[in-house]
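Worksheet for the structure shown next.
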């Protein structure tokens, strides 16, 4: 096999993991060591490999040292035997250290909600030396006596699944009420099935539907009622608090209130006199919520308008009647006489006349639309009423949990409004125990979204505020966030398709810019993708963008900002404008063309700030058209006045879509034409001495553990890696494979220059 630089062709964008390059097919027999770095090691006087070394094939010129946790006691061994309790999977290369099964998961947490439960846990403390950890969940139910338990069977529904979980969280539904369940959480890896010892696990015991037994009335007045109750007979853990729900009789669907207390009694104030209320109570333990106990109806006392026996009562009544008659005469007179005398006659209005609207301190000109910030309202709840439609909770059907936000769970479900067809929706809910400020911040996103109407902006269906939990209902985007969507489909789209996605995002941002709205956190993670691959701008919760974003970092002027996506003037001076959004859009372009790579790779935030200030800009992603990289560079002009407007960006992308031949010239053609110095991510090979330094130099430091676990301890061992090897050790992103393979070519080039010839195997 020819390993010269000419023999290595670039990885095609649509090549998938496990499909080798034409010149690299086949797994090499052993890991060969080039003579320019490693001498003859591990060879006995008779020419065979001595103990502690092995040679996978007689054709191999050199012996290899046994990898960790393995040994060879005899000369001439073709492989090393794993130590006791250590194993090698069938697919593991012989140079990979032997590994063992993981320990049990740790820190299990359960949250029960009547007949469903969420289980969460931490990864095992010891992974066994592997990174292919998965989890299985086994269930037993005990309807009565704990000694009489049985398997749960197939009636339960595990979301996303019961076995082979890659995340440390699962939702279990369809549980029986008033039932004890035991869930065994088991961690597995690639050698678990080879071990004769049973797999280690940790158990969680839960009880569903812990009902509060009795609600007792203590006393009532015209505007308050005091209740007392008894706790559940068999609580699942220590009772943390009680939750009291109440509403006016026959008004549950319109409005209800939830209160919490740690006591077995509560006085509910602020009620209407002479009104019947329905009360229900449930307990929350360390294992979650129980079911609501039997409801009880109580009526407040009547409020007397006038005290009986008051000597002034006849006089008061007479004055009231006389005042009413005078007022009636006055109103009738005003409607009869000319408007010049009373001012109540409305002037005739021209139906075609367009009036100026004065709305919360802003004049809206005819035909224009201006974004109104919810914080300009004296009453933020009024902003919600102005811009978001109230939806009856009975019209919503929640189906499954799809994520978690800062304020609570995010679910998918269906919305069926009267007279309209049923549609899929996303449902953000506000978790219990919120403060009034959290409620305002949560609903401010709805107040913002409700002002937008554009096919590339996430659409708000409405809100639920008259009952709890408070919810925001938006259209459902089947493919989730753009960054994860692209990572899962690395290399699967044509350039025109990617430009179409970019055009949609730019169109949405043009709409927002025209409304004088500044996004501040434009990034691929905040773009959602529907089933037709239409990209829509989302995440308008400004109150949390700068403070709670995982990509954010503190700036010298205080507050947190997503550094990698933010313009220099916004970082230094907190100067956010439409031009700073354009800078962020340039970063989104880079994310799209690199299929979701992290901007600036593993550079620290401070290094990013310093590099940008010194004039560094992200290089073109692999196979990126030159015209698109130039547009990125235009978006990254240091002077914000030199950056294009979103309208100009849309026009440029439209021209490219109409003339796809402009996209044929690639920005990295010159960068990869043999001069590696033009690529800022290629290190100087003469200064690299270890695998870790090499990976850091090509910005692939996140794979250090993968290479070490696979036995690639020296640069000599990596020069024969192909794409199949990279897939096997966990490098599955095609873009990352390309970067590593190109750098390996440079190592080959250095070796050939040292020996004056290409390496042949």
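So which of 430, 415 is under 29 Å from residue 244 (Cα atoms), buried (at least 17 other Cβ atoms within 10 Å of the Cβ), in the same structural domain as residue 390 (by TED's automatic domain parsing) and more than 22 Å from the chain's Cα centre (by Cα)? Quick ask: steps written out before the conclusion?
Values: 430 fails: more than 22 Å from the chain's Cα centre (by Cα).
That would be 415, the only listed residue that is under 29 Å from residue 244 (Cα atoms), buried (at least 17 other Cβ atoms within 10 Å of the Cβ), in the same structural domain as residue 390 (by TED's automatic domain parsing) and more than 22 Å from the chain's Cα centre (by Cα).
I need the full set of residues from segment 593-612 which are within 23 Å of residue 703 (Cβ to Cβ) and outside any loop (DSSP other than H, G, I, E, B), in order please. Outline the logic, then answer.
Restricting attention to segment 593-612, the residues satisfying the condition of being within 23 Å of residue 703 (Cβ to Cβ) are 593-605, 607-608, 611.
Listed by number, the residues that qualify are 593, 605, 607, 608, 611.
In this structure, is residue 257 surrounded by fewer than 17 Cβ atoms within 10 Å (Cβ to Cβ), modelled with pLDDT of 80 or more and over 21 Å from residue 112 (Cβ atoms)? In short, yes. For the condition assigned to a loop (DSSP other than H, G, I, E, B) and in contact (Cβ under 8 Å) with a residue 24 or more places away in the chain, residue 522 qualifies.
Only a single criterion out of (1) in contact with a helix residue (DSSP H, G or I) (Cβ under 7 Å, 6 or more places away or on another chain); (2) under 28 Å from residue 514 (Cβ atoms); (3) outside the structural domain of residue 621 (by TED's automatic domain parsing) is not satisfied by residue 464, namely (2).
In this structure, residue 493 does satisfy being closer than 23 Å to residue 592 by Cβ, without any contact (Cβ under 8 Å) to a residue 12 or more places away in the chain and assigned to a loop (DSSP other than H, G, I, E, B). Applying the condition of being out of contact with any helix residue (DSSP H, G or I) (no Cβ under 7 Å at 6 or more places or on another chain) and surrounded by fewer than 17 Cβ atoms within 10 Å (Cβ to Cβ) to segment 697-706 and asking which residue is nearest to residue 602 (Cα to Cα) yields 702.
Have a look at 615, 641 and point out the one that is exposed (fewer than 14 other Cβ atoms within 10 Å of the Cβ) and touching a residue at least 40 places away in the same chain (Cβ under 8 Å).
On the way: 615 fails: touching a residue at least 40 places away in the same chain (Cβ under 8 Å).
Residue meeting the stated conditions: 641.
Taking (1) closer than 17 Å to residue 501 by Cβ; (2) exposed (fewer than 15 other Cβ atoms within 10 Å of the Cβ) in turn, residue 649 satisfies each apart from (2).
Scanning segment 32-50 turns up one or more residues that are modelled with pLDDT under 80, crowded, with 17+ Cβ neighbours inside 10 Å, out of contact with any helix residue (DSSP H, G or I) (no Cβ under 8 Å at 6 or more places or on another chain) and part of a loop (DSSP other than H, G, I, E, B). Consider residue 615 against the criteria (1) in contact with a helix residue (DSSP H, G or I) (Cβ under 7 Å, 6 or more places away or on another chain); (2) part of a loop (DSSP other than H, G, I, E, B): it satisfies all of them except one. Which criterion is unmet? Single failed check for residue 615: (1).
On inspection, residue 622 qualifies as at negative phi, within 30 Å of the chain's Cα centre (by Cα) and not in a helix (DSSP H, G or I).
Can you tell me which residues in segment 714-724 are touching a helix residue (DSSP H, G or I) at 6+ places or on another chain (Cβ under 9 Å), more than 23 Å from residue 486 (Cβ to Cβ) and in a helix (DSSP H, G or I)?
First, pick out the residues of segment 714-724 that are touching a helix residue (DSSP H, G or I) at 6+ places or on another chain (Cβ under 9 Å): 714-715, 717-724.
Right, trim to more than 23 Å from residue 486 (Cβ to Cβ) and you get 714-715, 717-722, 724.
Answer for segment 714-724, where residues must be touching a helix residue (DSSP H, G or I) at 6+ places or on another chain (Cβ under 9 Å), more than 23 Å from residue 486 (Cβ to Cβ) and in a helix (DSSP H, G or I): 715, 717, 718, 724.
Looking across segment 653-669, the residues that are surrounded by fewer than 18 Cβ atoms within 10 Å (Cβ to Cβ) and within 32 Å of the chain's Cα centre (by Cα) come down to 654, 657.
Does residue 421 satisfy the criteria of being surrounded by fewer than 19 Cβ atoms within 10 Å (Cβ to Cβ) and touching a residue at least 12 places away in the same chain (Cβ under 8 Å)? It would help to see each step written out before you state the result.
Values: surrounded by fewer than 19 Cβ atoms within 10 Å (Cβ to Cβ): yes; touching a residue at least 12 places away in the same chain (Cβ under 8 Å): no.
No, not satisfied.
The values are calculated or read from the model by the stated rules, or taken from the named source; none is laboratory data. The structure displayed is predicted, hence computed values, not measured ones. Here the Cβ is made from the backbone with ideal geometry for all residues, glycine too, and neighbour counts use every protein chain on show.
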